[in-house]
Amino acid sequence: MKPQIIKTIICLALLAAATAAQPARPIKPSDIGFDQRLDEQVPLDLAFRDEGGKTVRLGDYFNRKPVILALVYYQCPMLCNQELNGLAGALKALSFEAGKEFEIVVVSFNPRETPELAAAKKENYASAGAAAGWHFLTGDPKPIEALTQSVGFRYAYDPMLNQYAHASGIVVLTPKGRVARYFYGIEYAPRDLRFGLIEAAEERIGSPVDQVLLLCYQYDPKTGKYSATVMKSLRLGGVVTVLGIAALLFALNRKAKAAARKVKPASYCFLPLGWPFSPVFIQLLPDASSFAGEFDALFFTLVGISVFFIVLIAGLGLYFVIKYRRRSPGEIPPKTAPSVPLEVAWIGIPLLICLVIFVWGASLYYRAYSAPKEAMEVYVTAKQWMWRFQHTGGQREINALHVPLGRRVKLTMTSEDVIHSFFVPAFRVKADVLPGQGRYRTIWFEATKPGRYHLFCAEYCGMNHSGMIGWVEVMRPQEFQAWLNLGGAEGSMASSGLKLFKQLPCGSCHKDDGRGRCPVLEGLYGKQVRLEDGRIVTADENYIRESILDPKAKVVANYEPIMPNFTGLLSEEQVAQLVAYIKSIGTQQQNTLKE
Ligand code: CUA
């Protein structure tokens, strides 16, 4: 194609040069060519003659179909024939048919040419396979001038050579006669021609595949060609991605339809948007604690808000990309002043939403992580790689925890080695368990459905971290009582603590009459304690544990720091037993005080 264009240009230049030699009427190169008259209305009432010599209106060929207009002259020695041959060649590869999806109107711009010449030309192309859709017209100077000017076609007559110097190309017109596309040269890419016709027909012709392809290709008026555009390709990629995600969600959702029926969505503002994601989630994960529903509501509200804004922003982005696209290379957008109400809105609304999320999340977190006083207690010790549980009645379990249905259960947790994390997804509880001098971590839950639920370690804690799993068994109260009675042979935690207390012996300093060298422990639990540095602390589990493992950390006012350090001498379970014992005498004392 390129050599032919060059040939054409050389030919035009030669013509121009040859005519330039004529002092009478020089033809300048600027006399020939195409002016871009995109979207210009072509006068449809112009009168021409058809191949039979009958007078016709140009508008007769515009019948709700796009029209390819070729401006030629039939006695042209070379260029015009090449142009028509090129068009016929492109049509062979085009799945559209002239006369069916579109019309071809060839108009001679030489007013001296006759219908006989036109008929001969048509004969040529009829034998080449083109027939019904091709129309070869001739006409008088006036309509010819009007037509060529309306599409910006410039040409000049050279009397010396008795030839016309002219540009070569075809023009695609819309069914209403507006200029839609120019294709230059003498060969036309069938794909470009197809796109041009589809767009000129306002997409009433062509297949869905064309529509998709057209998303990626754009007509460049400068070159008269369609080329792939990065932006459009990206846009298409985005659409495909979104569709893929939607299809995936749809498939997952269908799979989980049965589970979805059980769900009763709460009526939070963004929840309906997030809830479509829930069936998958809930199928994977039962909700079995009093907090599960509230956590889910918050979670799906967050998902809903995210989905809402993703769709809003991506949607507006796409919409604006299309609506405010650059329509011509010289287009300069009008100046827009920033809108204060708009800016206030886009700062204010997200702020408000964030505040709502914060207040909601914080209040839920606060309630979920502060254990109620009346909760049943279980001590949890994590170590590589197991979970050990001690009930206050003395029952011990490893990698299994039995709890009663409908009762609040408080877990007091510590680790013997590294950081572990206690995680029961069905209860929506998870908390890190810290080793050493760290604090007891407490969490609580109230199981609402009997059954067995997975317990995980959710912190990578070494080689067998993945094996640090277990079960939480939720039992009906009577069953739980029966289970306690079966397993409680060793005596309660408090009585084990008392045994240790005597064995160590703690009682030689901590005397209950207040005459010992160490503070009285009876009635201590839950009280305020004044330290030697003037601080006042509450004697809770953390305080008691720390005072056993690191007695010098908090020395009680008026006492000497003489207590030995028990770190390494006691297991965490034994520490927990001592804590349970001290709590029990604290409670007894308080009870006796009340009586
Ligand atoms: Cu313990 Cu991971």
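The values are calculated or read from the model by the stated rules, or taken from the named source; none is laboratory data. Note that the structure is a prediction, hence the values are computed from the model and not measured. Heads up, the Cβs are rebuilt from the backbone with ideal geometry, glycines too, and the neighbour counts pull from every protein chain shown. The accessibility values were calculated without ligands, DNA or RNA, using every heavy atom of the protein model including side chains. Shrake-Rupley method; radii C 1.70, N 1.55, O 1.52, S 1.80 Å.
What to note about this one:
- Put Lys335, Lys383 in order of accessible area, highest first, and with a 1.4 Å probe you get Lys335, Lys383.
- Looking at segment 300-344, the accessible area is 82 square angstrom per residue; that uses a 1.4 Å probe and ignores ligands, DNA and RNA.
- Per-selection Kirkwood Rh - segment 360-519 (Cα, Å, 1 d.p.): 17.1 Å
- The three principal axes of the Cα atoms in segment 426-554 give end-to-end lengths of 52, 35, 28 Å, sorted in falling order.
- Area projected by the alpha carbon convex hull of segment 113-201, averaged over all directions, nm²: 7.1 nm²
- Residues in segment 420-464 reached by a label modelled at Arg407 [backbone nitrogen below 20 Å; 7 Å Cα→Cβ]: 427, 442-453
- Each residue, Ser495 and Trp346, gets one label point 7 Å from its Cα in the Cβ direction; the gap between the two is 7.1 nm.
- Ordered by 1.4 Å accessible area with all protein chains kept, Trp346, Trp385, Trp483 run largest first as Trp346, Trp385, Trp483.
- FRET efficiency for Asp550 and Val311, using Cβ-Cβ distance with R0 set to 51 Å, rounded to 0.05: 0.40
- Segment 550-589 - Rg (one decimal) and Dmax (whole number), Cα, Å: 12.1, 31
- Separation between Cα centres of segment 518-572 and segment 67-122, rounded to whole Å: 105 Å
- In units of the rule-of-thumb radius 2.2 N^0.38 Å, segment 69-129 shows an alpha carbon radius of gyration of 1.12.
- Heavy-atom accessible area, probed at 1.4 angstrom with all protein chains present, ranks Met463, Met475 as Met463, Met475, highest first.
- A straight chain from Gln75 to Leu364 at 0.36 nm per residue would run longer than the Cα-Cα distance by 95.1 nm.
- Carbon plus sulfur fraction of accessible area for segment 367-447, probe 1.4 Å, in percent: 51 percent
- Note on Lys176: accessible area is roughly 150 Å² with a 1.4 Å probe, heavy atoms of protein only.
- Once the gyration tensor of the Cα atoms in segment 276-435 is diagonalised, the equivalent ellipsoid follows with semi-axes of 51, 17, 15 Å, ordered largest first.
- Mean Cβ count within 10 Å, highest first, over the residues of peptides 554-566, 402-414, 87-99: 402-414, 87-99, 554-566
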